[in-house]
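Student: Dropping the structure in here first, questions after.
The values are calculated or read from the model by the stated rules, or taken from the named source; none is laboratory data. Bear in mind the structure is a predicted one, so any value in this text is a computation, not a measurement. Cβ: placed from backbone, ideal geometry, glycine included. Neighbour counts: every protein chain shown.
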């Protein structure tokens with residue numbers, strides 16, 4: 001039986017949507033509804049046809065949506081991405097899956113979303129706070145949506161019938177999802193490689209955090225001033241001869257790897273951005289002096305970076321749970337796209353720059369070069385060369401160290417780039433798609449073209465009016481910013497609370513290991529595991545309520561990796577639980593040892609720094 005859409009449902013659904021998504025609701029109110037042919041099915045649930053094609057099953061759309069959700073959503077996923085609104089059945093099925101903390105609904109055509117709101121009573125779904133909407137626009141913005149909603153492991157759900165109407169848009173969405181997955185895999189690998197280093201650095205830096213203000217006080221302090229963000233790509237060499245003149249017109253924000261090039265050109269940056277925790281990254285600035293520059297840093301940097309002689313030091317909010325407690329929340333976040341250049345760009349945006357010009361941001365290898373000539377990368381390669389192993393060999397290894405290909409360049413030609421650079425380019429593309437803040441232009445003609453980032457010639461920047469007097473006046477104001485008087489006491493209280501919370505997690509995890517082991521061994525002797533299961537229930541409740549549980553779990557692999565294959569019996573389940581609690585215990589004990597060690601040796605910075613040095 002065919003059914004006409006009920007206009008009343010649209011008004012009721014829209015009224016509820018306006019409470020939680022007022023901008024989206026206001027937009028849809030002005031949209032012409034896509035005409036759907038609604039059809040009642042024998043299952044009692046509504047389905048629909050559009051232009052003669054079924055959007056859902058003609059027999060049982062709810063059962064179909066449930067099958068799709070079961071087959072598509074990884075049991076370890078915290079996020080479901082639904083391609084196409086339809087009548088909302090797939091959205092509803094996603095919300096019912098266990099462990100799903102958020103559902104991102106992606107619909108290419110707002111008229112089709114309006115049609116969904118006209119079809120049936122969707123208020124129970126629309127009221128769910130886990131819903132996030134992405135309607136039309138650049139499909140690459142999915143990268144930002146997933147980042148901002150905190151997704152860690154996402155699964156994609158789709159009906160081919162819904163995708164077919166806007167195939168190009170959904171194809172772009174799938175490409176964006178593939179990029180995000182690649183980024184998350186790299187993030188997971190990075191965590192495995194550097195997680196302990198971040199924690200060690202945070203513990204060793206913790207005594208200095210109270211003395212540094214956050215970047216939140218820098219917001220819009222350079223409004224109406226253009227900014228030149230200096231990265232260390234090969235094209236920087238062509239910019240350096242003009243740097244003195246550019247400095248008269250622009251605020252200079254430099255990444256750490258570009259500092260050597262700037263100083264050789266006789267110029268210091270206004271802001272120097274350091275975010276990498278590694279010792280080898282510290283080497284880029286270790287022997288360089290830039291006392292007139294303001295340092296902006298992530299709290300987990302290699303410890304000597306925070307002891308540099310700088311005009312001022314500002315801390316961004318940590319990206320890590322431990323850092324947010326030790327250094328304090330509310331310091332102001334910097335975007336992290338995997339490269340210090342992304343953080344430097346975000347700082348320029350945070351400062352309120354009227355236009356952001358990117359120098360040395362090649363995201364590729366123009367002319368077969370990897371970095372500017374004065375950078376430590378290039379100098380080390382040249383210095384380490386020999387007759388049998390010339391410096392060009394090391395440069396070639398860096399150039400071809402990751403899968404790559406030729407991609408469009410800003411000058412209309414092609415430039416060789418690789419997967420690492422592609423991730424950074426996608427980050428910029430997704431952020432620029434939001435059109436928030438200043439316009440961004442690149443000075444790198446031979447660098448990788450990034451949608452949304454226009455090209456500017458050096459002559460265009462040199463034609464800007466002089467701003468240095470105004471810049472210096474504003475710098476004098478921002479360097480006077482001091483942390484609040486109570487910061488030290490607040491951070492000390494937070495540290496003590498952290499230690500108490502971690503000790504409780506350590507004790508609970510140890511109880512969990514012992515109970516799971518006792519239950520498993522008891523089963524082997526024919527004993528009931530009832531007592532052990534009761535203890536495990538108590539442990540789970542205690543861990544879930546602990547306020548610092550995210551800190552304890554920071555070093556843990558994903559739950560999917562920890563759990564492995566689903567157990568086939570109770571003994572296997574207890575063995576799996578034992579392994580999980582053992583991993584929590586190990587992570588917590590390691591972090592406690594570092595934090596308590598720093599409390600006992602507050603003056604031991606130099607010796608601990610030396611232990612960090614490794615070949």
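Student: Let me confirm something: among 254, 290, which residue is over 27 Å from residue 552 (Cα atoms), part of a strand (DSSP E or B) and in contact (Cβ under 8 Å) with a residue 24 or more places away in the chain?
Tutor: Criteria check complete, one pass: 254.
Student: Suppose we filter 521, 496 for residues that are within 31 Å of the chain's Cα centre (by Cα) and either in the same structural domain as residue 596 (by TED's automatic domain parsing) or surrounded by 19 or more Cβ atoms within 10 Å (Cβ to Cβ) (or both); which single one remains?
Tutor: 496
Student: When you scan region 147-161, do you find a residue that is part of a helix (DSSP H, G or I) and surrounded by 22 or more Cβ atoms within 10 Å (Cβ to Cβ), even just one?
Tutor: no
Student: Scan region 353-375 for residues that are touching a strand residue (DSSP E or B) at 6+ places or on another chain (Cβ under 9 Å) and either in the same structural domain as residue 180 (by TED's automatic domain parsing) or over 20 Å from residue 457 (Cβ atoms) (or both) and jot them down.
Tutor: Matches in region 353-375: 365, 368.
Student: Just checking, which of 292, 297 is crowded, with 23+ Cβ neighbours inside 10 Å and in the same structural domain as residue 340 (by TED's automatic domain parsing)?
Tutor: Among 292, 297, only 297 is crowded, with 23+ Cβ neighbours inside 10 Å and in the same structural domain as residue 340 (by TED's automatic domain parsing).
Student: Oh, and also: Given the conditions (1) under 28 Å from residue 598 (Cα atoms); (2) in a loop (DSSP other than H, G, I, E, B); (3) modelled with pLDDT of 95 or more, which single one is not true for residue 353?
Tutor: Residue 353 satisfies all of (1) under 28 Å from residue 598 (Cα atoms); (2) in a loop (DSSP other than H, G, I, E, B); (3) modelled with pLDDT of 95 or more except (1).
Student: Follow-up question, since we're still on this one. How many residues are modelled with pLDDT of 80 or more and touching a helix residue (DSSP H, G or I) at 6+ places or on another chain (Cβ under 7 Å) when one looks only at region 138-152?
Tutor: The total comes to 3.
Student: For region 400-508, which helices (runs of 4 or more DSSP H) that fit wholly inside it have 2 or more residues that are more than 30 Å from residue 577 (Cβ to Cβ) and modelled with pLDDT of 95 or more?
Tutor: Filter on region 400-508 gives 458-462, 468-478.
Student: Return a yes/no flag: does region 20-39 have any residue that is at pLDDT 90 or above and under 30 Å from residue 153 (Cα atoms).
Tutor: no
Student: Out of all the residues in region 122-137, which are part of a loop (DSSP other than H, G, I, E, B), modelled with pLDDT of 90 or more and within 22 Å of residue 32 (Cβ to Cβ)?
Tutor: The one that is part of a loop (DSSP other than H, G, I, E, B), modelled with pLDDT of 90 or more and within 22 Å of residue 32 (Cβ to Cβ): 122.
Student: So, one more: What number goes with the only condition from (1) over 30 Å from residue 429 (Cβ atoms); (2) surrounded by 17 or more Cβ atoms within 10 Å (Cβ to Cβ); (3) in contact (Cβ under 8 Å) with a residue 60 or more places away in the chain that residue 477 does not pass?
Tutor: That leaves (2) as the condition not met.
Student: Taking residue 372 as the residue in question, decide whether it is under 28 Å from the mean Cα position of the chain (by Cα), crowded, with 21+ Cβ neighbours inside 10 Å, modelled with pLDDT of 70 or more and not in a helix (DSSP H, G or I).
Tutor: yes
Student: Can you report the number of residues in region 441-460 which are out of contact with any helix residue (DSSP H, G or I) (no Cβ under 6 Å at 6 or more places or on another chain) and either free of Cβ contacts under 8 Å to residues at least 40 places away in the same chain or more than 12 Å from residue 358 (Cα to Cα) (or both)?
Tutor: Adding up the residues that qualify gives 5.
Student: Output the number of residues of region 309-341 satisfying the condition of being crowded, with 24+ Cβ neighbours inside 10 Å and either more than 30 Å from residue 497 (Cβ to Cβ) or not assigned by TED's automatic domain parsing to the domain that holds residue 474 (or both).
Tutor: 2
Student: Please pick out the residue among 246, 306, 272, 228 that is under 27 Å from residue 197 (Cβ atoms), modelled with pLDDT of 95 or more and crowded, with 22+ Cβ neighbours inside 10 Å. First the steps, then the outcome.
Tutor: On the way: 246 fails: under 27 Å from residue 197 (Cβ atoms); 306 fails: modelled with pLDDT of 95 or more; 228 fails: under 27 Å from residue 197 (Cβ atoms).
Only one candidate passes the filter, namely 272.
Student: For residue 75, indicate whether it is in contact (Cβ under 8 Å) with a residue 60 or more places away in the chain, within 22 Å of residue 177 (Cβ to Cβ) and surrounded by fewer than 20 Cβ atoms within 10 Å (Cβ to Cβ).
Tutor: When the stated conditions are applied, residue 75 passes them.
Student: For residue 350, all conditions in the list (1) out of contact with any strand residue (DSSP E or B) (no Cβ under 6 Å at 6 or more places or on another chain); (2) surrounded by fewer than 21 Cβ atoms within 10 Å (Cβ to Cβ); (3) under 27 Å from residue 144 (Cα atoms); (4) touching a residue at least 40 places away in the same chain (Cβ under 8 Å) hold save one; what is the number of the exception?
Tutor: Residue 350 satisfies every listed condition except (2).
Student: Quick one: is residue 443 within 27 Å of residue 237 (Cβ to Cβ) and in contact with a strand residue (DSSP E or B) (Cβ under 9 Å, 6 or more places away or on another chain)?
Tutor: For residue 443, the condition - within 27 Å of residue 237 (Cβ to Cβ) and in contact with a strand residue (DSSP E or B) (Cβ under 9 Å, 6 or more places away or on another chain) - is met.
Student: Looking at region 258-279, which of its residues are outside any loop (DSSP other than H, G, I, E, B) and under 22 Å from residue 362 (Cα atoms)?
Tutor: 258, 259, 260, 261, 262, 263, 264, 271, 272, 273, 274
Student: Taking region 98-119 only, how many residues are outside any loop (DSSP other than H, G, I, E, B) and under 25 Å from the mean Cα position of the chain (by Cα)?
Tutor: 6
Student: Can residue 572 be described as closer than 24 Å to residue 195 by Cβ, modelled with pLDDT under 90, in a helix (DSSP H, G or I) and outside the structural domain of residue 277 (by TED's automatic domain parsing)?
Tutor: no
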